[in-house]
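The next block holds one structure in the form of structure tokens; read it before the comments.
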């Protein structure tokens, strides 16, 4: 694991690393914010998944999350949004697929399947690496924005008991029901739509067993220019139908960008901190 | 004045405008954050000057200032760091001079003098425009980072009574004493070094009359990679010699970037808010 950069921030450290991912067969980059508390004790960790076109740096530079994480004593891990420079021809040519558009799936189709194993990377490989190298407890939560909100929710729904809490800002709620999403999943997963279900929050909620239901917290701007493809109302209807607990908050005037994320991120961090601290029978410290 | 974009942020609005500047003979861009209080009353305003290579957006995207400004009921105006697209040959080719490197001077030399009148733009033209178009009181303060910290301090020192408070993060304290600074001022102002004095904080402090002395608040990272050219200790010595009030706070581990700015901006905003509110005989509301 190679340290790319480190910067002091709110009395903690923001560090960026490059490492070789065995599941993605590729170098990967991630950032970790270590709050000042991590100098003397282990801290819980929030995994933050970013959106289409992003790197790990959009969130660390624009969300203003380090201030709150420093106060709360919470680490934040920000993975990149896909492998890069894998040698797949044209991997960065289409904004909707390939580089920075992984949608956090395990691709099964050529040319993606050798490298685009982001689900396994986020769920297993990266946490194992983080736990090995940093003073992290086994308490973790997950959140994200847009494509990353989709990633956070689908990953939490499929791994009951793994995360203490999940939330999302303007998540892509029903990729299998949008034009771009259908093209993307056909390319990554093939034409058999049953293979898309594990990567679609609105189709997944009904499948989660009662005892594994982690409540969903979703914030969404009403003036979001992507609202038509995010489809929060489809997720809301699916949750209502299956009785899945969802808090969907619509915010007049807010769009899809990081000024929206920065406005509401503090509430999300406090929400996760409360969940991470709530079950002291687990290894909190 | 043309509205380029507007985004909801912490219940207020961040708006970017393009307008023609008579003093710069050029289009100029600025951003203004209007806190929610501005919907029902006039609010005081902080002018924020950014550093070398920046646009108006570095601060609005990375500092996290809108959260605090929203709470405090303070507008923030972020001008661009120079004219752009003026037609001056090679204006954007050198990181140290021209585009995004104005150093907030009134240039007297060719080819810059027709357009690079940033001192007059910041001190007079932009505030007149802002006061005309927005619900702003006549109470204002000024702050900035790096080259912008230099701009904020020199402008405050030269205009006693105009600003309620001044502060800077990692300011360039003595441009006339650095190699790049000497080249730059020769190009903008000519070889007569007496013309450089109005644009050098360390040379200016001794000239401010006793009754016009606004205290200086400066934060500086000890691991700032630019420390050698910023020269805060030269400013400190000049202030000590002339008895000028300076609070210089050195911060171990912090570098020159926006993670440093974001860590300390809240203290600066609260400092300015207190000054803006302190003299109720002036038109606070």
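Answer rounded, prolate or oblate for the stretch A:233-275, using the Cα gyration tensor with square roots of eigenvalues a ≥ b ≥ c: rounded when a/c is under 1.5, else prolate when a/b is larger than b/c, else oblate. Could you put the intermediate results ahead of the total?
Numbers: a/c = 3.48, a/b = 1.36, b/c = 2.57.
Oblate, because a/c is 1.5 or more while a/b does not exceed b/c.
Dividing the Cα radius of gyration by the Kirkwood radius, what Rg/Rh value follows for the protein assembly as shown? Intermediate values should be presented prior to the final figure.
On the way: Rg = 25.6 Å, Rh = 25.3 Å.
For the protein assembly as shown, the value is 1.01.
Peptide A:57-65 is shielded by partner chain Cβ atoms: per residue, an average of 3 of them sit within 10 Å of its Cβ. Considering only the Cα atoms of chain A, their convex hull presents on average a projected area of 13.7 nm². Convert 10 °C to kelvin, take the viscosity as 1.306 mPa s, use the Kirkwood radius over C-alpha pairs of the stretch A:139-285 as Rh, and evaluate the Stokes-Einstein diffusion coefficient in µm²/s, rounded to a whole number. It diffuses with D of about 102 µm²/s by this estimate. Sorted from nearest, the other copies put their residue B:195 label points 7.1 nm away, the label point being 7 Å from Cα in the direction of Cβ. For residue A:94, the distances from its label point to the matching points in the remaining copies are 4.7 nm, ordered from shortest, with each point set 7 Å beyond Cα toward Cβ.
Distances between equivalent label points of residue A:247 across the copies, with each point positioned 7 Å along Cα→Cβ, amount to 3.7 nm, shortest listed first. Each listed q (0.29, 0.31 Å⁻¹) maps to a log10 I(q)/I(0) for the stretch B:209-250, found by the Debye formula over equal Cα scatterers with no solvent: -1.06, -1.13.
Quick one: divide the alpha-carbon radius of gyration of the stretch B:105-220 by 2.2 N^0.38 Å and tell me what you get. It would help to have the intermediate numbers written out before the result.
Working: Rg = 14.5 Å, N = 116, 2.2 N^0.38 = 13.4 Å.
The reported ratio for this selection is 1.08.
Entry note, the stretch B:222-266: relative contact order of 55 percent, from Cα contacts under 8 Å with a spacing of 6+ residues.
What ranking, highest mean first, results for peptides A:236-249, A:209-222 when packing means the other Cβ atoms within 10 Å averaged over each residue? Could you put the intermediate results ahead of the total?
Values: A:236-249: 14.9, A:209-222: 17.6.
For the peptides A:236-249, A:209-222, the packing ranking is A:209-222, A:236-249.
How would you classify the stretch B:208-285 from its alpha-carbon gyration tensor, with a ≥ b ≥ c the square roots of the eigenvalues: rounded for a/c under 1.5, else prolate if a/b is greater than b/c, otherwise oblate?
It comes out oblate by the Cα gyration axes.
Mean partner shielding of peptide A:8-14, defined as the number of other chain Cβ atoms within 10 Å of each residue Cβ, is 5.
Note: relative contact order over chain A, using C-alpha pairs below 8 Å and six or more positions apart, is 17 percent.
The share of Cα pairs per 10 Å bin across the stretch B:1-146, counted from zero up to the longest distance, runs 12, 43, 33, 11, 1 percent.
Shielding of peptide A:67-76 by partners, expressed as the average count of other chain Cβ atoms within 10 Å per residue Cβ, is 1. Scanning chain A for the Cβ atom closest to the axis that brings A onto B yields residue and whole-Å distance A:64, 2.
For the stretch B:65-114, just say rounded, prolate or oblate: build the C-alpha gyration tensor, square-root its eigenvalues into a ≥ b ≥ c, call rounded for a/c under 1.5, and beyond that prolate if a/b exceeds b/c, oblate if not. Since a/c reaches 1.5 and a/b is larger than b/c, the shape of the stretch B:65-114 is classed as prolate.
Bear in mind these aren't lab numbers, they're just calculated from the coordinates by the rules spelled out. Keep in mind the model is a prediction, meaning the values are calculated, not measured. Don't worry about glycine lacking a Cβ; one is built from the backbone with ideal geometry, like all the others, and counts go over all protein chains shown.
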